Structure formats: structure tokens, C-alpha cells
1. Which sequence of Phe232, Phe45, Phe95 reflects their accessible areas, 1.4 Å probe, from the largest down?
2. Under 17 Å Cα-Cα from Lys245, which aspartates and glutamates qualify once same-chain neighbours fewer than 8 residues away are excluded?
3. Give me the percent of accessible area attributable to carbon and sulfur for region 51-99, probe 1.4 angstrom.
4. Indicate the gyration tensor shape class of region 72-140 (rounded, prolate or oblate), computed on the Cα atoms with a ≥ b ≥ c the square roots of the eigenvalues: a/c under 1.5 is rounded; otherwise a/b larger than b/c is prolate and the rest oblate.
5. Given a 1.4 angstrom probe, I'd like the percentage of the accessible area of region 145-255 that is carbon and sulfur, rounded to a whole number.
6. So what is the accessible area of the chain per residue, in Å², with the probe set to 1.4 Å?
7. Given the -39500 (n - 2.57) contribution per DSSP H run of 4+ residues, what per-residue ellipticity at 222 nm results for the chain, rounded to the nearest 500 deg cm²/dmol?
8. For region 159-205, run through the chymotrypsin sites (Phe, Trp or Tyr not before Pro) and keep only the ones in DSSP coil with at most 16 other Cβ atoms within 10 Å of their Cβ.
Amino acid sequence: MKVTIIQLDIAWGNPEENIKRIECLMAQQPESDLYVLPEMWSTGFATEPSDIAEEEISSISLAWMKSTARKKQCAICGSLAVKTINGIYKNRHYFINGRTCDVSYYDKHHLFRYGGEDRYYEPGVEHTIVNYMGFRLLLLTCYDLRFPVWSRYASQLQYDAIVVVANWPESRQNAWHILTRSRAIENQAYLIACNRVGNDAYSHYRGMSAVISPIGKTLAACPANEPSTASFSLDLVSLRQKREKFQVLEDRDIY
């Protein structure tokens, strides 16, 4: 399965412009099976969503994800700030399978209290694992990366890769580097980490998006501070062989 990370410089509150920017970057990698976009890719990280979040039922960003995935016969994932039909704000990580027209989503569980995200959004309470091209993909969003118990491979939470989308600022870049590798190593899983670049009113973002191997090796990476793409073909057979040979997961603690 060929995965492509789209490391985007997000235009604040401008879904139409961000769609144009993504389409330009996607054109660099036209044959991927899965495209991964950053957290709140259509607006920027909007902690106060009342004037910026899209209505889920009429979201042009979500509609674009669906139509593009169908047209390209691929999958696209990334999170959006949306207002549900019940009037609740969610940081919702969508996974669109264009081959089957299935729509899955994960609602961010660990809201970023330090930035005030918890004041407006409702947290998710369930994990989401998507089955796609034989891979089991665990969806996570940004701050979730700091919480190993939530993402722990377990009897009821088995997966082959973690897909984490983020708005992770330069001021905490060292944590991004360490935590992405840690989550991959401790769970013997691929980790696909897509971060944004550029600036908003609060932070500067360097990106440093990457695909990480189950032993913490960088398999593909985007350059710092540049809108760009990075691609890698995940190998499910190789992953299973490594897990069988070095059975770390058999000795994990059960919570």
C-alpha cells in the first residue's frame, strides 16, 4: 500500500484555498493508495470554532475528500473542525475509502487543554480502526500521540499502522520526533505522521512529517518548513514476519 503524506501550509479559515494547495501537492504523487492530510487541514487549528468550523452536513471540505477519493480510487484521511447536526463541535478525523465509498471517522479523544480546545469541542470516547487494502489502521489526532495507553496494541485493539494527523508546533518539535518513534517501536507498527507547516496566530510549524518503521527507522520524510509530500509503500508481509520473529507484543502489559 503506497502512502503519501501531504505536508500543507494551511491558509487560515479558507477551505477553498487549502483544497487548491492540496491538489497541487497531490499532483506530485498521482498514484498513491492513501493520502494523509494534517489536523484541521481546511481551516487551521481553530480552538474557538464558532465562526470557522464547517457544518458537517454541508462541508465543502468533506465533500471534496469524498469526490476526490472516488475519482482517484484511493483513500484520503485528515481531520476537520465540524459542527454536527446536533450542534456539537468535533475535531473529526475522517477516513474516506474511495473504492468502496465508505466513510469512517475518529473523534479526537485527548483535546488540547493547554490551548483551550476542550472548552468548545466534545471528545471522542472510542477508538477507530479502519481496514483498508489488508491493513488495519488506527486513527489518532495530534495530542493523542502523548498518551501511550490510549494507543496501545491490545487484544481488543489490534492494528498494523497508526495514522496520526497533527498541528504540532515547532516549540515542541523534539517531543514530536521522540513520540512518533516511541509509538511505532512499542507497538511494533508502522506510524504515519502528518504535520502542517507555516504559521497561524499562535505558533510556527516546521512539519517534519514522516513514515516510521516498527523499529523506529524513518522510511520517508518531508523537509522542514516546506509544503511537500513524502511517500512510502508499506509491506504487510514484512511487518508480520518481524512480529513473528521478535514477539515483543506477546510480553506486553495488559490494562
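1. Phe232, Phe45, Phe95
2. Asp160, Glu186, Asp235
3. Looking at region 51-99 in its full context, I get 48 percent from C and S.
4. Taking the square roots of the gyration eigenvalues as a ≥ b ≥ c, region 72-140 is prolate.
5. 52
6. Each residue of the chain exposes 44 Å² on average to a 1.4 Å probe.
7. Using -39500 (n - 2.57) per qualifying helix, the result is -6000 deg cm²/dmol.
8. Tyr202
The values are calculated or read from the model by the stated rules, or taken from the named source; none is laboratory data. All of these numbers come straight from a predicted model, not from anything done at the bench. For neighbour counting, all protein chains shown are included, and Cβ atoms are generated from backbone atoms with ideal geometry for every residue, glycine included. Ligands, DNA and RNA are excluded from the accessible area calculation, which covers all protein heavy atoms including side chains. Shrake-Rupley method; radii C 1.70, N 1.55, O 1.52, S 1.80 Å.
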